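Following: one structure in structure tokens, then a few remarks.
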Amino acid sequence: MKLLLKSATIIDKQSIYNNKTLDVLIENGIIKEIAKDISTEVDKVINEENLHISRGWFDSSVNFGEPGFEERETIANGLDTAAKSGFTSIALNPNTYPIIDNNGAITSVKSKAAHHPVKLFPTGALTVKGEGVDLAELYDMKQGGAVAFGDYKRAIKNPNLLKIALQYAQNFDALVQSFPQEDRIAGKGMVNEEQSSTSLGLKGIPNLAEELQIARDLYLLEYTGGKLHIPTISTKKSVALIKEAKKKGLDVSCSVAIHNLIFTDELLQDFDTNAKVLPPLRTKEDIKALIKGIKDGTIDMLTSDHTPIDTEHKKVEFDNALYGTIGLESAFGAVSTIFSTEEVIELLTKGKQRFGLEDIEIKEGNAADLTLFIPKGNYEFTEAHIFSTSKNSIFKAYQLQGKALGIITKAGDFGL
């Protein structure tokens, strides 16, 4: 199979071709030639106005439904959605039934993605059944292909359990994740504890719930060593705590969900359950601090935190709705409203190193791992742009900029 990309602007800071507009010839998944004007017989020509390519994008926090919640999203359609959204690799959370907490479960989800152009990397549960009581079979899951371990959206209440996990994981260089919420402070809260929560009559989750947990986990990391990843932080103080920890030399990374960079808790005025997310939407001051944290390198990566939820669990009273929004399809267009194209690509690719994934340079002779996109052009995001089975998007009716066209990897192309 021969593919020819015509007049593609290459965005790859480590490549000699960075910011150059060239033709790219790909044969059987290998980049054969990069030149000004390539003329040869090929199977497919991709010639889009303002075509850009970059190293393949990676999302560190993605949920599908399979196994257990196939009505929300299957692995097959989820990977198709990721490909159309520009992602060549994703880390799949153990937000399933049964929870992915053993080698067999890791092997099962990997086998269902084996021949897809998008690479699926499972995150194994840190504890058995995600119950926070006993450590799961971390080493066995690592051998099966797990790239990290964490209980999705479930805080580790027992500090000694996290301490042991951090110590044990060092024996096989594993990345431990800890969701930043102290449940005894959060209580039955559902939204940000602020003036808006009071006016809406909804119970709030104070910033303290997140910050107290992060402070505890950083103290544990300082004591044990090891590698800790804190997913989806949302407050100004959280950024400050992690920045200070990095200055101390602690091996800690963190991410922020894209919707927490865009929307404030003011969006909840009409009780839209698509805006019920965890951590909750915060304030303008928090968003400003998060963006600053991204720019100065405190925050390591962005995630869509893609969470398909079926209609039966979203079109209900706000109190009863499940947390989560889909986000793969809107990720690039939303982030492009805040950052430059070069910054966006950096934020959507740099998480690979932290999760131990290969990050392939755009270079002749290398395997293709490419995202194709158009960086400009404003449009309103609607349900027509959603490829997921579930339609619970917080970005409906929001103005986005730029769009992904698809991907090309060694396993094939998709969405083009």
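The values are calculated or read from the model by the stated rules, or taken from the named source; none is laboratory data. Because the structure is predicted, anything quoted here is derived from the model rather than measured. We place every Cβ from the backbone using ideal geometry, glycine too, and count neighbours over all the protein chains shown. Only protein heavy atoms, including side chains, enter the accessible area calculation; ligands, DNA and RNA are left aside. Shrake-Rupley method; radii C 1.70, N 1.55, O 1.52, S 1.80 Å.
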Original post:
Which condition does T337 not pass, out of (1) of a type outside the set (A, V, I, L, M, F, W, C); (2) farther than 20 Å from A8 by Cα; (3) open to solvent by 10 Å² or more (accessible area, probe 1.4 Å); (4) part of a helix (DSSP H, G or I), if it passes all the others?
Top reply: (4)
Original post:
Taking interchain pairs and intrachain pairs at least six residues apart, which have beta carbon atoms under 6 angstrom, with the first residue in the stretch 72-87 and at negative phi and the second open to solvent by less than 40 Å² (accessible area, probe 1.4 Å) and part of a strand (DSSP E or B)?
Top reply: A82/I90; A83/I407; S85/A404; F87/W57; F87/D59
Subject >> Elements of type helices (runs of 4 or more DSSP H) in the stretch 160-228, at least 2 residues being more than 19 Å from T123 (Cα to Cα) and at pLDDT 95 or above >> reply: 183-186, 207-224
Original post:
Somewhere in the stretch 270-279, is a residue among the hydrophobic types (A, V, I, L, M, F, W, C), surrounded by fewer than 19 Cβ atoms within 10 Å (Cβ to Cβ), touching a residue at least 24 places away in the same chain (Cβ under 8 Å) and over 28 Å from K391 (Cα atoms)?
Top reply: no
**OP:** Quick one: in the stretch 344-365, of everything that is open to solvent by 10 Å² or more (accessible area, probe 1.4 Å) and free of Cβ contacts under 8 Å to residues at least 40 places away in the same chain, which residue is farthest from L200 (Cα to Cα)?
**Re:** E358
**OP:** Show the residue pairs that are 6+ apart or on different chains and have beta-carbon atoms under 9 Å apart, the first residue being within the stretch 380-393 and open to solvent by 70 Å² or more (accessible area, probe 1.4 Å), the second being of a type in the set (F, W, Y).
**Re:** E380/Y398
**OP:** Could you tell me whether the stretch 126-146 includes any residue that is in contact (Cβ under 8 Å) with a residue 60 or more places away in the chain, in contact with a Lys or Arg (Cβ under 9 Å, 6 or more places away or on another chain) and not hydroxyl-bearing (S, T, Y)?
**Re:** no
**OP:** Return yes when F149 is open to solvent by 10 Å² or more (accessible area, probe 1.4 Å) and either over 21 Å from I233 (Cβ atoms) or modelled with pLDDT of 95 or more (or both) and no when it is not.
**Re:** no
**OP:** Kindly list the number of the only condition in (1) surrounded by 23 or more Cβ atoms within 10 Å (Cβ to Cβ); (2) within 23 Å of M301 (Cα to Cα) that fails for I100.
**Re:** (2)
**OP:** Check A368 against each of (1) surrounded by 15 or more Cβ atoms within 10 Å (Cβ to Cβ); (2) under 24 Å from S255 (Cα atoms) and name the one condition it does not meet.
**Re:** (2)
Original post:
If we scan the stretch 79-86, do we find a residue that is over 25 Å from K350 (Cα atoms) and open to solvent by 50 Å² or more (accessible area, probe 1.4 Å)?
Top reply: no
Original post:
What number of residues within the stretch 15-55 are assigned to a loop (DSSP other than H, G, I, E, B), closer than 25 Å to K403 by Cβ and open to solvent by 20 Å² or more (accessible area, probe 1.4 Å)?
Top reply: 10
**OP:** Within the stretch 1-51, count every residue that is among the β-branched types (V, I, T) and closer than 15 Å to E361 by Cβ.
**Re:** 8
**OP:** Tell me which of these K188 doesn't satisfy, since it passes every other one: (1) closer than 20 Å to K142 by Cα; (2) surrounded by fewer than 19 Cβ atoms within 10 Å (Cβ to Cβ).
**Re:** (1)
Original post:
Residues E342, E346, E364: which one is farther than 26 Å from D270 by Cα and in a loop (DSSP other than H, G, I, E, B)?
Top reply: E364
Original post:
Are any residues in the stretch 229-249 assigned to a loop (DSSP other than H, G, I, E, B) and either of a type in the set (K, R) or surrounded by fewer than 17 Cβ atoms within 10 Å (Cβ to Cβ) (or both), and if so, which ones?
Top reply: K248, G249
**OP:** Select from the stretch 394-416 the residues that are hydrophobic (A, V, I, L, M, F, W, C), assigned to a loop (DSSP other than H, G, I, E, B) and touching a Phe, Trp or Tyr at 6+ places or on another chain (Cβ under 8 Å) and write down the one among them that is most open to solvent (accessible area, probe 1.4 Å).
**Re:** A397
